[in-house]
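FYI, it's all coordinate maths here, none of it is from the lab. A quick note: this is a predicted structure, and the numbers were derived from the prediction, not measured.
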């Protein structure tokens, strides 16, 4: 297997793991919306 293919698969696996963690962290669409809102508010507090 070439190095480029290995890196691509590694990135794909990491992306899928991150997505699974994110989906399990917020079980509903409403929970996902709250998580996004809370994250945006945290960034605002740090930046402003």
The chain - mean residue ellipticity at 222 nm from DSSP helices (-39,500 (n - 2.57) per run, n ≥ 4, rounded to 500): -30500 deg cm²/dmol
Degrees between helix 29-47 axis and first principal axis of the chain (Cα, 0 to 90, nearest 10): 80
0 to 90° range, to nearest 10: angle between helix 3-25 axis and the chain longest Cα axis: 30
Entry for Cα extents along the principal axes in Å (calculated from the structure that is shown) out of [x] 34, 31, 9; [y] 64, 26, 16; [z] 45, 29, 10: [z]
